[in-house]
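Engineer: For reference, the structure I am asking about is given below.
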């Protein structure tokens, strides 16, 4: 089933995309950096390049996805944003886009001190990045994605 990674052009996103794209199934990436997008396309990933604060771009990329992984780093880093000027605004945009796309599963990867999102999805998991190696975070997300249904 399709999975979308919002912020695939972050450090966590790069490692996660590497792990997810080695599996069966459709993997989609939402990136701001067109160069990263081109590199991902070469690996067979479907790529949407746009503004992480544009709900319509994210909703379109997530349409038909079973899972959406939202990497909080993409909401707080220095990338250019035209539709929201604060991390909370970007995350509110993600909530709106996810609500429109209606995936079954949403995984938010973030530092616990960062703002969070509210989602209305049957399965929702927050994976903390606090004091953890990236490989451990990526492994937790991949394992969660492997589970057919969460308790």
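Engineer: So which residues in the range 112-128 are touching a residue at least 24 places away in the same chain (Cβ under 8 Å) and within 14 Å of the chain's Cα centre (by Cα)?
Structural biologist: Selection gives 116, 117, 119, 125.
Engineer: Residues 20, 38: which one is in a helix (DSSP H, G or I), farther than 16 Å from residue 117 by Cβ and without any contact (Cβ under 8 Å) to a residue 40 or more places away in the chain?
Structural biologist: 38
Engineer: While we're on this one: Taking the stated definitions as given, is residue 19 under 20 Å from residue 109 (Cα atoms), surrounded by 17 or more Cβ atoms within 10 Å (Cβ to Cβ), touching a helix residue (DSSP H, G or I) at 6+ places or on another chain (Cβ under 9 Å) and at pLDDT below 95?
Structural biologist: The answer is no for residue 19.
Residue by residue, here is whether (1) surrounded by fewer than 14 Cβ atoms within 10 Å (Cβ to Cβ); (2) in contact with a strand residue (DSSP E or B) (Cβ under 6 Å, 6 or more places away or on another chain); (3) modelled with pLDDT of 95 or more; (4) farther than 26 Å from residue 25 by Cβ holds:
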| position | (1), (2), (3), (4) |
| --- | --- |
| 53 | no, no, no, yes |
| 61 | no, yes, yes, no |
| 76 | no, no, no, yes |
| 130 | yes, no, no, yes |
| 147 | yes, no, no, no |
| 150 | yes, yes, no, no |
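Engineer: Find the residue count for the range 56-91, including only residues that are without any contact (Cβ under 8 Å) to a residue 40 or more places away in the chain, in a helix (DSSP H, G or I) and over 14 Å from the mean Cα position of the chain (by Cα).
Structural biologist: Matching residues across the range 56-91 total 3.
Engineer: What is the residue count in the range 112-146 for residues that are part of a loop (DSSP other than H, G, I, E, B) and in contact with a helix residue (DSSP H, G or I) (Cβ under 8 Å, 6 or more places away or on another chain)?
Structural biologist: So the count comes out to 9.
Engineer: For the range 73-82, state whether one or more residues are over 14 Å from residue 109 (Cα atoms) and touching a helix residue (DSSP H, G or I) at 6+ places or on another chain (Cβ under 7 Å).
Structural biologist: Within the range 73-82, one or more residues are over 14 Å from residue 109 (Cα atoms) and touching a helix residue (DSSP H, G or I) at 6+ places or on another chain (Cβ under 7 Å).
The values are calculated or read from the model by the stated rules, or taken from the named source; none is laboratory data. The structure displayed is predicted, hence computed values, not measured ones. Cβ: placed from backbone, ideal geometry, glycine included. Neighbour counts: every protein chain shown.
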